[in-house]
Amino acid sequence: MKKGGQKFSALVVDDNKMIRKVEEKLLARFGFETKVVENGEKALKLFDDGYTFDVVVMDMEMPVMNGPVATRALRARGVDCMIVGVTSCGDGPEKAEFEASGLNCCWEKPLNAEIVGTILNKLDNKMS
């Protein structure tokens with residue numbers, strides 16, 4: 001939790017409806033207020049509309065606008081929140097390109113309690 005008892009906010013960006021639901025529930029278990037969208041273009045629209053988040057969980061491969069393109073666009077707009085990449089690709093050139101797009105960190109799918117705990121620790125340290 002943030003100082004003052006506020007919850008951390010998260011945006012889940014993934015084209016797979018089931019993964020969005022699972023990640024939303026997992027983040028909620030850790031106290032996050034979570035919003036979900038199905039592609040990078042919709043994520044950009046939220047930020048353009050004035051929404052802010054403490055963390056964005058960004059899938060790499062999505063139709064319309066993929067994770068690397070969306071991450072670069074968010075950084076170009078000055079978005080400085082934590083952006084966590086998630087991918088089903090192993091360690092290869094695609095993952096390296098995704099990491100270079102402006103991610104704070106990147107993990108293989110599926111998101112799990114250990115990863116969310118790590119994200120929470122990084123956010124807590126950032127707030128201290």
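For the stretch 12-39, what are the residues that are among the β-branched types (Val, Ile, Thr) and within 16 Å of Ile83 (Cα to Cα)?
Narrowing the stretch 12-39 to residues among the β-branched types (Val, Ile, Thr): 12-13, 19, 22, 34, 36-37.
Answer for the stretch 12-39, where residues must be among the β-branched types (Val, Ile, Thr) and within 16 Å of Ile83 (Cα to Cα): Val12, Val13, Thr34, Val36, Val37.
List every residue pair whose Cβ atoms lie under 6 Å apart, where the two residues are 6 or more positions apart in sequence or sit on different chains, the first residue falls within the stretch 8-23 and is closer than 14 Å to Glu61 by Cα, and the second residue, located anywhere, is at pLDDT 95 or above and in a helix (DSSP H, G or I).
Val12/Arg20; Val12/Glu23; Val12/Glu24; Val13/Ala43; Asp14/Arg20
Take the residues in the stretch 112-123 that are open to solvent by 60 Å² or more (accessible area, probe 1.4 Å) and not in a loop (DSSP other than H, G, I, E, B), then tell me which one is farthest from Glu61 (Cα to Cα).
Taking the stretch 112-123 as the starting set, the residues that turn out to be open to solvent by 60 Å² or more (accessible area, probe 1.4 Å) are 112, 114, 121-122.
Going one step further and asking which of them are not in a loop (DSSP other than H, G, I, E, B), we end up with 114, 121-122.
On the way: Glu114: 23, Asn121: 27, Lys122: 25 Å.
Per the criteria, the residue is Asn121.
Restrict the check to the stretch 34-51 and report whether at least one residue is hydroxyl-bearing (Ser, Thr, Tyr) and in contact with a Lys or Arg (Cβ under 8 Å, 6 or more places away or on another chain).
Yes: one or more hits.
Among the listed residues Phe47, Phe98, identify the single one that is within 17 Å of Asp15 (Cβ to Cβ) and of a type outside the set (Gly, Ala, Ser).
Working: Phe47 fails: within 17 Å of Asp15 (Cβ to Cβ).
Result: Phe98 is the single residue among Phe47, Phe98 that is within 17 Å of Asp15 (Cβ to Cβ) and of a type outside the set (Gly, Ala, Ser).
Are there any strands (runs of 3 or more DSSP E) wholly within the stretch 1-111 with 2 or more residues that are open to solvent by 50 Å² or more (accessible area, probe 1.4 Å) and closer than 21 Å to Lys126 by Cβ, and if so which? Break it down into steps so the answer makes sense when it comes.
Numbers: elements: 9-13, 33-37, 55-59, 82-87, 105-108.
Fully inside the stretch 1-111 and qualifying: 33-37.
The values are calculated or read from the model by the stated rules, or taken from the named source; none is laboratory data. Every value quoted in this text rests on a predicted model; they were computed, and no experiment measured them. Virtual Cβ from ideal backbone geometry, glycine too; neighbours counted across all protein chains shown. Side chains are part of the model used for accessible areas, which takes the heavy atoms of the whole protein and leaves out ligands, DNA and RNA. Shrake-Rupley method; radii C 1.70, N 1.55, O 1.52, S 1.80 Å.
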